[in-house]
C-alpha cells in the first residue's frame, strides 16, 4: 500500500476528460460523441426524406443519395445508438450493482477512444473522396473495388477500429457484472437494466468477431486483391451476407435488450410497483439473446437458400415473438394496480409499448418466408425496422435519458419541454414510418433515390417526409432541454423519482468512488427494500476506509490515435503511415505493460470532509 | 396522460390506416392487388398474419388503455400499491397463446413455402433466363430461341419458370403484382416461378441496392394471350434468323449506318451485334425508354445525347452525336419492331 500515491492526480477540464478512466465520465464522453453522430445521422435522414418528398425531384442526386442512406444506417447503428447505450451502461450499471468502478477502467477508456476514432475516420470520408455508397450492409459484389469508390475503404477501416472498441467494452461489462456485484447482489436480484446489459455484452462478445472477420476479408479483397467475394475469380458473394448477418442479427438484440431493461426500470418506478414476473423477464431476456443467434438467415430469404432453410429460419424467427410477448404483458401487468405517474421518462416508456408492439408484429409477419418475398427490401422492411429501432430503442433511450439524467449530471431535465419533446417526436415518428408499410406493399423498393410520378406512391412519401420534420422538432427540443438543464442552478436530489434500485441511494451526480461504503443488498429492488423497512439508506457491508482508485491515463487516447493514423495508411495504400501508426500503438501498449501504476487512495478523512455518506 | 388523448391517438392511427387502405396503389404495381397465383398465395399469408397480429394488437391496446386510465395516480392518493411478484397462471397463459397463434401461422407458411419453390420443367412452363445488369434486364427464352431486354413478354395463365443470375453486382427481380422477389446473385443461379392471370402491362423493379441508378432499374412485363405470344415468338425468331431489314427511308438508312458503326458492338439487333448492352431487336415495341421514361422520340433522343443524364452510372458511353445523327438514329430505331400492330 505504501507504493500507492495518496492523492488524486489534479486534472481538470478537457485534459481530465482525455485521460479519465472513471466510468461516469466515460459515460458522458459516450453520450456526447453518440449525440454528435446521432445529429449527423439525423441530418442525413432528413436529406433522404426531403429527396423523397415529391416524385422525380433532384435535390441530392443518385450517388449522393446512396452515400446518405449508407452513412445514415451505418452511423445510426454503430455510432449513434450503440454509444448512447454504452453511455447509460457506463453511467448506471456499476451503480446498480453497488460497485465502485468497472472491472477494467483502463480498457473502458480504451474502448471509448477506439469507438470515437473509428467513427471520426468513417465520417471524414465525406470530405476525402466520397462516403461509402454500398448500403450499411455493404453487400458484395457492390462493395468491391470494381463497383464502388474509396468510401467503402473508410467503412471497412472505420468499423474495424470502432468494433474493437465495442468488443472490449462488452467484455469489460461482462466481467464487471460477474465479479463486481456488492454483497447480497445475487444474479436474481440484479435490476433488469443490469441484466439486459449483461446479456447484451454476451451478445457483443459473440457477434462482433463475426463482423470483424467479414471486414478483414473485405479489406483483403479491396486493398490487397483478394478474391473472397469476387465471383469472377471463384469467390462467393453470399458468404459476405452470412458473415454480416451472423453479426447483424444479434446486433439488433444488442441494441434492443438494453431498451427493454430501461423500460422495465422506468415502468416499475413510475407505477410504484416491483416488476411483474421478474424471473420470467430474466428468462425471456436470455432466451431472446440466445434465439438472436439462430435466426440470421431471415435477412436472406430471397437470396436463394431454398425452401428448407427458409422455412426453418422463418419458424425460428417466429419463436422470438413468444419471449417478447412475455415482456409486453409483464410490463402491462406491472402497471396494473399501480399508481402511474407520467413524467417525460414514463411517457416515452409508455409510448414505447404500442409502438414496439407494432414493430414486433410486423417482425412476425416478416418471418413468414413466402410473404417476405414481397416485403423483403421494400419500404415495408424500412417501416418495420424503424418501428423497432426508433419506436423501440430510441424511445427507450429517451426514457432512460430523462430518467437517469439527474443521476448522471445532477440536474433535472425540464418537464414541460420534455413533454413537447415526446409528443412532437411520437407523432412525427408515426407519421413518418406508418405509411411506409403501405408504400412497400404498393411496390416501393427501399434505397431508391426517387420514384416515378405515375405509381401512386406520392401521398405516402409526402406524409412520411412531413413526419420527419416532427421528429426533427422533437430532437431539437431535447437539445434545448439539455441546455436549459445545464444552465439551471437547481441541483437534482439523490432520489428524485422515488427509485427502487441502488443508483438512487447515492448523491446526484455520484462522487468518483460511487459508494463510500459498499452496500449490503437484501433483496430485489435493494433501495426499495430498505425504504419499506423504514431505513434512510442502504446498510453498509463494510466499515469506512481508504478507497483505492485507478490512475487516469492518456494512453487509451494515444493507442487509438495510432490505429486511426494506420487506418488512413491502409485506405491510401501508404504502408509507411501504416507502420508508423501501428508502431505507435504498440509502443503505447508496451509502455502500459512495463509502467507500474498502482493507482491512488482516497483517504477516509477526505471522504468525511466531503460529507458523503452511504 | 388523460383518457381522451388515448382515444385520440388510436383514432388518428385508424383514420390514417383507413386513408391509406382505400388506395392500395396501382393495379400494375401493388402487391396488394395480386394478379397471379404466386402473388395471391403470398397475399393470403399476408392477410392471415396481419389478421392474427392485429388481433394481438387489439388485446394489448385494450389492456394498455384500461391500465393507463384506471391506474394513473390520482391527486392525494396515499399508500403503497401491493408489490405483486408475478402470477404463474397468467405468465403461462401468455406464453402458450402466442405459441398456438404461431402454429396457426406456421402451417400455411410451410406448405406455401414449398409450393413456391417447386421447379417446373419446360413441358409445364415457359422457361426464361434472366440476367441482371447495371442497370437493365436481359431476358432469354432458351427453348424458344429468342432474347429480349427490358420488356419481359409472357403468355397469360401459364406458369413461367425463371432461372436468374447477374453479370456484375447483386440485384433482385421483383414484379409485385405477380409475386415476390428473388435475388440475382453473380456467379450463382436462382430459380422461381410466376404466373400472370390477366393480360396487360405490369411493373417490375430491382429491389437490391445495385449502384447509382438502382432506383431506375425498372422493367415492364407484357402479358398477352397465348396466340399473341406465339406470334410474337415467331416474329422474333423470324427477325433474328436473318440480317436486319434494310431501312425504308433515307433518314432511317442514315441512322442504320450510324447504328451499325457505333452501336452494334454492344447492342444486338436481329441476331447480329454484341451482348454488352440490351438487345434492341424489338426496341420500337417497348413500353418505356430505359425502363422508366415514356417511349417517345424526344426521350430516345435525350437518352442518346447523354445516357448518363437519364440513368447515372450506366455503362453506355456518351457517343457525342450531333442533332442530325440523333435524329437519324431515332428514326432508324423506330423501325426496330417485330409486332404487326405498329
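Taken together, the values in this text are just the output of simple stated rules run on the coordinates, not laboratory data. Quantities reported herein were computed from a predicted structural model and do not represent experimental measurements. So basically every Cβ, Gly included, is an ideal-geometry build from the backbone, and we count neighbours across all protein chains shown.
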Notebook entry, point to check: If we restrict to alpha carbons, what Rg and Dmax does the stretch B:54-120 come to, in Å?
Noted result: 20.6, 73
Notebook entry, point to check: Say a paramagnetic label sat at a point 7 Å from the Cα of residue A:279, along Cα to Cβ; which residues of the stretch A:190-216 have their backbone N under 17 Å from it?
Noted result: A:190-192
Notebook entry, point to check: By how many degrees, 0 to 90 and rounded to 10, does the Cα axis of helix A:237-271 deviate from the longest principal axis of chain A?
Noted result: 40 degrees
Checklist line | Estimated inter-spin distance, residue A:316 and residue B:253, nm [label 7 Å along Cα→Cβ] | finding: 6.9 nm
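Counting other beta carbons within 10 Å of each Cβ, put A:430, A:603 in order, fewest first. Present the calculation step by step, with values, prior to reporting the outcome.
Working: A:430 23, A:603 14.
In increasing order of surrounding Cβ atoms, one gets A:603, A:430.
Order of A:488, A:264, B:50 from fewest to most other C-beta atoms within 10 Å?
Numbers: A:488 13, A:264 25, B:50 17.
Least crowded to most crowded, the residues run A:488, B:50, A:264.
At a 10 Å Cβ-Cβ cut-off, how would you order A:25, A:327, A:273, B:275, fewest neighbours first? Don't skip to the answer; put the middle values down first.
On the way: A:25 20, A:327 23, A:273 26, B:275 15.
The most exposed by this proxy come first: B:275, A:25, A:327, A:273.
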Item checked: Paramagnetic reach from residue B:95 (point 7 Å along Cα→Cβ, amide N under 18 Å) across the stretch A:266-293 -> A:276-292
Notebook entry, point to check: Spin-label point model (7 Å from Cα, Cβ direction): what's the residue A:179 to residue A:213 distance in nm?
Noted result: 2.7 nm
Next item on the list: With everything on Cα atoms, drop me the angle between helix A:321-335 and the longest principal axis of chain A, reported from 0 to 90° to the nearest 10.
Entry: 40 degrees
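What number do you get for the stretch B:205-342 when its Cα radius of gyration is normalised by 2.2 N^0.38 Å, N = residues? Spell out each step's value before the answer.
Numbers: Rg = 15.2 Å, N = 138, 2.2 N^0.38 = 14.3 Å.
Taking N as the residue count of the stretch B:205-342, the ratio is 1.06.
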Item checked: Cβ-Cβ FRET estimate between residue B:306 and residue A:573, R0 fixed at 25 Å, reported to 0.05 -> 0.15
Check: Rounded to the nearest 500 deg cm²/dmol, what is the calculated helix-only ellipticity per residue at 222 nm for chain A, with -39500 (n - 2.57) per DSSP H run of length n ≥ 4?
Finding: -21500 deg cm²/dmol
Item checked: Projected-area average for the protein assembly as shown over all orientations - Cα convex hull basis, square nanometres -> 39.9 nm²
Check: How far is helix A:151-179 tilted, in degrees, relative to the longest principal axis of the Cα atoms in chain A, given as a value from 0 to 90 rounded to the nearest 10?
Finding: 30 degrees
Note to self: Please report the antiparallel percentage of the DSSP beta bridges confined to chain B, to the nearest 5.
What the structure shows: 70 percent
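What does the structure give for B:64-70 when I average, per residue, the other chain Cβ atoms found within 10 Å of the residue Cβ?
5
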Margin query: Could you tell me how far the Cα centroid of the stretch A:173-189 sits from the Cα centroid of the stretch A:221-270, in Å?
Written below: 28 Å
Margin query: Please compute the modelled spin-label separation between residue B:59 and residue A:536, points set 7 Å along Cα→Cβ, answer in nm with one decimal.
Written below: 5.0 nm
